[in-house]
Amino acid sequence: MEKIKNNQPDNLSRRNFIRQSSLGLTLLAFSGSCSLVISNDSQALTTGKDAWLTREDHAFFSATLPVIIGAPLAEHKVLNLFIHTIDTYLKTLPPISQQEFRDLLALLTSPIKGAITGVWKKWEHASRHAIEHFLEGWRTSSLELLKKAYGSLINLSLMQWYGLEQSWPDISYPGPPYKHQLITRPNNY
C-alpha cells in the first residue's frame, strides 16, 4: 500500500501547534500577572487630591481628555478640576464597577500598554495623532471588549465634561433655566 503524504507545511504540524499554543498561554499568563502586580503597585501611588486615581491614571486622563473632548484642555485651567470630577465619580461607583475601571486603567498605564493601544510612549509624551489612532482603533475594533472599554472611557469623559459648570461656556450652554427653583413640588411621603 502506498502511504499518503501529509500535505501540511511543517509549521502546521501538531507538535508546532502545541508548542505555539503553550507559548501563547505562557505569554498570556505572564502578562496577566504583570498587570495584576502593576495594578496593585499603582494603587498605592495615589495623588494627593485624587484619592481614587493614581498618578499614572492622572497622566492618562491629562493626555486623552483633550482628544476626547476636542478642546485644548492642557492649556485650560479646567483640566485638573475635570480630572477631579472623574475621580469623585469613580469613587461613588459600586465596588465591582470600580474594579473594572481599575483593571482598565491598570492596563492603559502599564508598561505593556503599547501592545494593546499602539502607544508605546508614556501618556504625557504621546502625540495627539497617536492618541486619536488608539481611540479610533478601539472604537472600530473587532473585539467587543475593546469596543466596550472605548465606550466606557468616552461615556465617563463626556458625562463628567457636560456636568462640569466651568465647561458650559465652551459648549454654549447657558445653564439650567431654573437653577435655584424646584420644577416639581417635593414629595412628602
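In segment 85-127, which residues are surrounded by 13 or more Cβ atoms within 10 Å (Cβ to Cβ) and charged (D, E, K, R)?
Asp87, Glu100, Arg102, Asp103, Lys113, Lys122
Take the residues of segment 101-128 that are assigned to a helix (DSSP H, G or I) and among the hydroxyl-bearing types (Ser, Thr, Tyr): which is farthest from Phe61 (Cα to Cα)?
Thr117
What tally of residues in segment 140-178 results from selecting those that are touching a residue at least 40 places away in the same chain (Cβ under 8 Å), assigned to a helix (DSSP H, G or I) and surrounded by 14 or more Cβ atoms within 10 Å (Cβ to Cβ)?
Going through segment 140-178 one residue at a time, the tally reaches 10.
When you scan segment 8-100 for helices (runs of 4 or more DSSP H) that lie fully inside it, which ones turn up with 2 or more residues that are modelled with pLDDT under 55?
It comes to 14-43.
Determine which single condition Gly118 fails, assuming it passes every other condition in (1) in contact (Cβ under 8 Å) with a residue 60 or more places away in the chain; (2) more than 15 Å from Val67 (Cα to Cα); (3) over 13 Å from the mean Cα position of the chain (by Cα).
(1)
The values are calculated or read from the model by the stated rules, or taken from the named source; none is laboratory data. Note that the structure is predicted; figures quoted are calculated from it, not measured. All Cβ positions, even for glycine, are placed from backbone atoms using ideal geometry, and neighbour counts span all protein chains on display.
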